[in-house]
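Every number in this text was worked out from the coordinates using simple rules, so none of it is lab data. Note that the structure is a prediction, hence the values are computed from the model and not measured. Reconstructed Cβ throughout: ideal geometry from the backbone, glycine too, with neighbour counts over all protein chains shown.
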Amino acid sequence: MHPTPVTPAELPAVLPAAVLFDMDGTLIDSEPFWIAAETDLVTAHGGTWSHADGMALVGRPMRYSAGVLQARGVDLGVEEIVAELNARMAAAVAARTPWQPGALELVRAVRAAGVPTALVTSSFRTLADPFAAATGLFDVVVAGDDVEHPKPDPEPYLRGADLLGVDVTACVALEDSPSGIASALASGARTLAVEAVVPVQEQPGLSVVRSLVDVDLAVLARVAAGEVLRRADAA
């Protein structure tokens, strides 16, 4: 996949040193798949699992989610639960990559502008690597099993910037979940939250948009320059 390069005359004056993309919820609408996998697993072990239960785990580290499922009756070890959920998710995403509106176009535009990209996700490499390989749009991948301290700790975003060789404070991170937003903000990255799956609470230094359809290179440049955008400002 080779995006058409953007000419210098078409570029905004200031672009981020890199763009750090969350995966689940932000780039792909995978949360329904996660909830379905959780529901199937809990039900198979005699328990019940609701949509609200699944939404409470959005953006949470895999092993944390596994512990919650254990508490709801899943009689498996944490690593067994993680492996089972990842296998179900990998199959679902392989069958159909559920891009969020505007997501693929934005990543392609960033790449065409020559801006380095990182995929920074709580999902494990068994899911993140095939997605990244299939798209060919990310310079580096930081998965949930690559870090000692997953989101909401800043380590994943600090790792992504370090792998790209850039200052994290000169990067823009795109997130959707409270855990991921906390991680990105704590790292020092300029953070743009997409209200895709769960409500986003406005807070100091956090830009918010309703959809990636509203985000282009000019919006990323504004965020990189320190502007804090509210929902109505990005259009």
Given (1) within 14 Å of the chain's Cα centre (by Cα); (2) over 23 Å from Arg88 (Cα atoms); (3) part of a helix (DSSP H, G or I), Arg111 misses just (1)
Could you tell me whether Ala109 is within 30 Å of Ala221 (Cβ to Cβ) and among the hydrophobic types (A, V, I, L, M, F, W, C)? yes
Could you list, in sequence order, the residues of segment 87-114 that are of a type outside the set (A, V, I, L, M) and more than 17 Å from Val197 (Cβ to Cβ)? Arg88, Arg96, Glu105, Arg108, Arg111, Gly114
Every residue in segment 166-186 that is farther than 14 Å from Arg231 by Cα and either of a type in the set (D, E, K, R) or surrounded by fewer than 24 Cβ atoms within 10 Å (Cβ to Cβ) (or both), please. Val166, Asp167, Val168, Thr169, Ala170, Glu175, Pro178, Ser179, Ala182, Leu185, Ala186
For Ala189, are the conditions met, namely being touching a Leu at 6+ places or on another chain (Cβ under 7 Å) and closer than 22 Å to Thr97 by Cα? no
Kindly check whether there is at least one residue in segment 204-211 that is part of a helix (DSSP H, G or I), in contact with a helix residue (DSSP H, G or I) (Cβ under 9 Å, 6 or more places away or on another chain) and not polar (S, T, N, Q). no
Report, by residue number, each residue of segment 138-152 that is over 19 Å from Val107 (Cβ atoms) and either under 14 Å from the mean Cα position of the chain (by Cα) or in a helix (DSSP H, G or I) (or both). Gly144, Asp145, Asp146, Pro150, Lys151, Pro152
